[in-house]
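S.K.: First the structure, then my questions, so here it is.
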Number of protein chains: 2
Amino acid sequence: MSETFVGIDVGGTNIKIGLFDAELKLLSKTSVTTDADMGPEIVIDKMAQTVKDIVAEAGLSLGDIVAIGIGTPGPARYSEGIIIRSTNMPKFKNVPICKMLNDRLGAPVVFDNDANVACWGEFAVGAGKGVENMVFFTLGTGIGGGIVNDGELVHGCDENGAELGHTIIYPNGRTCNCGQKGCAEAYASADSTARRAAEAIEAGAESSLKKVLDEKGKITSKDVYEHLAAGDGLAKEITDGTAEVLALTCVNMLHCTEPARIVFAGGMIAAGDLLLGRIRHFFNKHVWTIKKEDKIEICFATLGEDAGIIGAGALARHKYGQK
Amino acid sequence: MSETFVGIDVGGTNIKIGLFDAELKLLSKTSVTTDADMGPEIVIDKMAQTVKDIVAEAGLSLGDIVAIGIGTPGPARYSEGIIIRSTNMPKFKNVPICKMLNDRLGAPVVFDNDANVACWGEFAVGAGKGVENMVFFTLGTGIGGGIVNDGELVHGCDENGAELGHTIIYPNGRTCNCGQKGCAEAYASADSTARRAAEAIEAGAESSLKKVLDEKGKITSKDVYEHLAAGDGLAKEITDGTAEVLALTCVNMLHCTEPARIVFAGGMIAAGDLLLGRIRHFFNKHVWTIKKEDKIEICFATLGEDAGIIGAGALARHKYGQK
């Protein structure tokens, strides 16, 4: 029997589970509601049962599973396999999730945070394939980050590294949710992009987005990019602010771990070249001029919503697979 | 016979050579003028002869040398062992320095840039001892950088990583020698610190440093810190600018590779707590508030001028030593 791996992506609403062969081909996948209010025992029982079901449906047995990968939001002590706490799952406190899954399923469990897991998925089989050094950003409520250096994820001394959304781009600038001022996340996450547009309108800026704000009571980053496409001036200013912050973060990472490729993920990449083209434009504006031969590729993620399960499966294979 | 290692630190003026035992104890050291104008063949002949001499004087033979480490300024293709070019040694173009040394001395040669080598020295036996994740800055004409992640130097995809002086702290700020605007180096190197003071005086700022500038025609960073110690207001403003930029770079590295320790080196650390205390002050001002339990130690290098030979010897031991 060929090696089989399981990838689990734990979100506040749903738990996604995928089954992979040794080439990381997705054999099957499923999704169940998280029901985090039921507490860790019940949630992890259900998670394990769902793995058993999907394995059986594939005509396999638990003995075929070489390893299981799982990704959750932090904070956690990943190398110890423990979720410390979770905003979306308030009953999860100091939960030894790896041990609990291992007790139920037998296979060894590899655990990392959701951004690192998605980063690893893109690195292994997505937009980062073929390079050994990559940086990853996911643009959502916040900005998640991941760094692959010489083919390994960078975790840092306390497993809180690669929090790239909290590198400071504008000292003493906008206050971030983390308490710092001027973080990349405070400008360039999907939420911050929308919020900056709403704030500008509330401060009196003229924009076709005003109607959206008046009617819906809020603006999303999707709205902002749609109005950019339609020629709105404020949308241009706001989205250029987003792209410039992301570009500056790319310049800084070039001088830090020097990735061959920088990959952006998250819902906001649906904006396509309206986002990517401007990140590249501002990158070329800010990057040094003495070494123009520097090659760094800035691109979008390719795995979409399966990045979490693929990355978790890929991490399991990386640690326990035969190749 | 116990293992013996050679460390070579190539500067534009002098070549320093050290001989180390397996515990990286410095057995002996020497220094010869570089005489870079004589061209690579003659310089490397002299380098090899000096190694032979110091080995013989120690009562050893070339056969006792397990490996040789060497550090030079970039740009170079370190893993291939080739100096591409050198500002201080204009006749050194595409010089296969590792092969040339190996031909003359027999032992394998490990090659890296001078900042990485000094970083590795501090990591192995200096201020970074005992941690696995470290970041290093050397404050001189420019700002050199080094990153150790999980016990290994970070080189990046094109061996130009860890150029931390060129991370951008103030977008669209002061123009750096590299062509970018707002680099840490443009504010906080020893040279930039002195230059900012001179510019302020030339623009009319009052300062006790004006007399120095008038009499000597220039100001050094040493002057600035001396006048700070004597209570000069401009010196306070300039040096706080330096410390704040360095602190912001520390915050960003915390969120990037998350070092347990950040080590500053270079002549400017002679300023002592006038520099270190203020870096820590601004670090605490800018770092996030949600995770105050974060521990990161910011400290000064301890190896002084021998960091280059020690680091080179330590790199040789790291790659070729038995432990």
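S.K.: Measuring label to label, 7 Å along Cα→Cβ, what does residue A:273 give against each other copy in nm, shortest first?
M.R.: Result, one decimal in nm: 6.0.
S.K.: Quick one: Cα centre-to-centre distance for segment B:246-323 and segment B:80-94, in angstrom?
M.R.: 29 Å
S.K.: Residues of chain B: accessible area per residue at 1.4 Å, in Å²? Display every interim value, and only then the final one.
M.R.: On the way: 12900 Å² over 323 residues.
On a per-residue basis, chain B sits at 40 Å².
S.K.: Here is the link list: B:29/B:99; A:29/A:93; A:129/A:216; B:52/B:319; A:91/B:129; A:46/A:319. Which ones come out longer than 30 Å on Cα distance?
M.R.: Numbers: B:29/B:99 23 Å; A:29/A:93 28 Å; A:129/A:216 41 Å; B:52/B:319 22 Å; A:91/B:129 40 Å; A:46/A:319 25 Å.
Listed pairs above 30 Å: A:129/A:216; A:91/B:129.
S.K.: Measuring from centroid to centroid over Cα atoms, what is the spacing of segment A:99-123 and segment B:164-195 in Å?
M.R.: One Cα centre to the other: 41 Å.
S.K.: For the charge dipole of chain A, defined by +1 on Lys and Arg C-beta atoms and -1 on Asp and Glu C-beta atoms about the Cα centroid, which residue among A:286, A:26, A:178 has the Cα displaced farthest towards the positive pole?
M.R.: My answer, from the dipole projection, is A:286.
S.K.: Further question: Quick one: what Rg and Dmax do you get for chain B from the alpha carbons, in Å?
M.R.: So, for chain B, Rg and Dmax equal 20.6, 66 Å respectively.
S.K.: Ok, one more. Between residue A:26 and residue B:80, what is the FRET efficiency for a Förster distance of 41 Å, r being their Cβ-Cβ separation, to the nearest 0.05? Let's see the in-between values first.
M.R.: Values: r = 40 Å, r/R0 = 0.97.
Plugging the Cβ-Cβ distance into 1/(1 + (r/R0)^6) gives 0.55.
S.K.: Something else: Please work out whether segment A:13-164 counts as rounded, prolate or oblate from its C-alpha gyration tensor, where a ≥ b ≥ c are the square roots of the eigenvalues and a/c under 1.5 means rounded, while otherwise a/b larger than b/c means prolate and anything else oblate?
M.R.: Details: a/c = 1.77, a/b = 1.19, b/c = 1.50.
Here segment A:13-164 falls in the oblate category.
S.K.: Report, ordered by chain and residue number, the lysines lying within cross-link reach of residue B:211, taken as a straight Cα distance under 16 Å and ignoring same-chain residues fewer than 8 apart.
M.R.: By straight Cα distance, residue B:211 reaches B:222.
S.K.: In addition: Does the protein assembly as shown come out rounded, prolate or oblate, given a ≥ b ≥ c as the square roots of the eigenvalues of its C-alpha gyration tensor, rounded meaning a/c under 1.5 and, failing that, prolate meaning a/b above b/c?
M.R.: Values: a/c = 2.11, a/b = 1.32, b/c = 1.60.
Because a/c hits 1.5 or more and a/b fails to exceed b/c, the protein assembly as shown counts as oblate.
S.K.: Once neighbouring chains are kept in place and the probe is 1.4 Å, which whole percent of the accessible area of the protein assembly as shown is contributed by carbon and sulfur? Before the final figure, lay out each step's value.
M.R.: Numbers: 12750 of 25790 Å².
Looking at the protein assembly as shown in its full context, I get 49 percent from C and S.
S.K.: For segment B:1-91, which chymotrypsin sites (Phe, Trp or Tyr not before Pro) are in a loop by DSSP, counting at most 12 other Cβ atoms within 10 Å?
M.R.: Details: sites: B:5, B:20, B:78; in loops: none.
Filter output for segment B:1-91: empty list.
S.K.: A further question follows. Rounded to whole Å, give me the distance from the Cα center of segment A:14-37 to that of segment B:1-15.
M.R.: About 55 Å separates the Cα centre of segment A:14-37 from the one of segment B:1-15.
S.K.: Just from its helices, what would the mean residue ellipticity at 222 nm be for chain A, if runs of 4 or more DSSP H residues each count -39500 (n - 2.57) and the sum is divided by every residue, rounded to the nearest 500 deg cm²/dmol? All intermediate terms of the calculation are to be shown ahead of the outcome.
M.R.: Details: 10 runs with 123 residues, N = 323.
The helix contribution divided over chain A gives -12000 deg cm²/dmol.
S.K.: Computed on protein heavy atoms with a 1.4 Å probe, what is the summed buried accessible area for the chain pair A and B, in Å² to the nearest 100?
M.R.: On the way: alone 14620 and 14630 Å², together 25790 Å².
Using a 1.4 Å probe on protein heavy atoms, the buried area is about 3500 Å².
S.K.: Separate question: Run through the other copies and list how far each one's label point is from that of residue A:21, in nm with one decimal, shortest first; the point sits 7 Å from Cα along Cα-Cβ.
M.R.: Sorted ascending, the copy-to-copy spacings read 5.9 nm.
S.K.: Apply the a/c threshold of 1.5 to the C-alpha gyration tensor of segment A:214-323 and tell me whether it is rounded, prolate or oblate.
M.R.: oblate
S.K.: Could I ask something else about it? Please give me, ordered by residue number, the GluC sites (Glu not before Pro) of segment B:164-240 that lie in loop per DSSP and have at most 12 other Cβ atoms within 10 Å. Provide the component values of the computation, followed by the final result.
M.R.: Working: sites: B:185, B:199, B:202, B:206, B:215, B:226, B:237; in loops: B:206.
Filter output for segment B:164-240: B:206.
S.K.: To test your reading of the geometry: what angle, between 0 and 90 degrees and rounded to tens, separates the Cα axis of helix A:273-286 from the longest principal axis of chain A?
M.R.: So the inclination is approximately 70 degrees.
S.K.: Exactly which trypsin sites (Lys or Arg not before Pro) in segment B:183-247 are in a DSSP loop and have at most 12 other Cβ atoms within 10 Å? Working shown, then result.
M.R.: Values: sites: B:195, B:196, B:210, B:211, B:216, B:218, B:222, B:236; in loops: B:218.
Those satisfying the criteria are B:218.
S.K.: At residue B:211, label 7 Å along Cα→Cβ: distances to the other copies, nm, ascending?
M.R.: Residue B:211 label point versus its equivalents elsewhere: 7.1 nm.
S.K.: Can you say what percent of the DSSP beta bridges in the protein assembly as shown, counting only those with both residues inside, are antiparallel? Round to 5.
M.R.: Numbers: 54 of 94 bridges.
For the protein assembly as shown, the DSSP antiparallel bridge percentage is about 55.
The values are calculated or read from the model by the stated rules, or taken from the named source; none is laboratory data. The model shown is predicted, which means the values in this text are computed figures rather than measured ones. Positions of Cβ are backbone-derived with ideal geometry, glycine not excepted, and every protein chain shown enters the neighbour counts. Surface accessibility is based on the protein's heavy atoms, side chains included, excluding ligands, DNA and RNA. Shrake-Rupley method; radii C 1.70, N 1.55, O 1.52, S 1.80 Å.
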